[in-house]
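S.K.: Have a look at this one.
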Amino acid sequence: MSEFFQDHPMLLFALEAGVALFLLIFIVVWTMGTAKKHPRPSRAPADHPSRAPSAPAPGQPGQSQAGQATGQAHSKDNAPGA
């Protein structure tokens, strides 16, 4: 066997590259299958603490409604009617 690789040294590199490519494709396919089995929710549930309105801390001036609306205008999830 070593005489064969002495006659064809690049074949060993090709074999190693083929194994590495197979391993890469296997890992990608494996992780794609796992993602389909456990989908992540696109938004937090309505009763989640992150969706509760936050009150300003005592001693700090509160923002006006216009200021809050301006800060949220760029988010597609906070669009009116969504």
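The values are calculated or read from the model by the stated rules, or taken from the named source; none is laboratory data. Being a predicted model, the structure only gives us computed values, none of them experimental. Heads up, the Cβs are rebuilt from the backbone with ideal geometry, glycines too, and the neighbour counts pull from every protein chain shown.
S.K.: Cβ-Cβ under 6 Å, sequence separation 6+ or interchain: first residue in segment 7-34 and without any contact (Cβ under 8 Å) to a residue 60 or more places away in the chain, partner in a helix (DSSP H, G or I). Which pairs?
M.R.: Correct list of pairs: L12/F5.
S.K.: While we're here: So, T31, is that one within 33 Å of the chain's Cα centre (by Cα), of a type in the set (V, I, T) and at pLDDT below 65 or not?
M.R.: no
S.K.: Kindly indicate which of G59, G67, G71, G18 is modelled with pLDDT of 60 or more and part of a helix (DSSP H, G or I).
M.R.: G18
S.K.: Out of all the residues in segment 36-52, which are in a helix (DSSP H, G or I) and exposed (fewer than 10 other Cβ atoms within 10 Å of the Cβ)?
M.R.: Residues satisfying the conditions are K36, K37, P49, S50.
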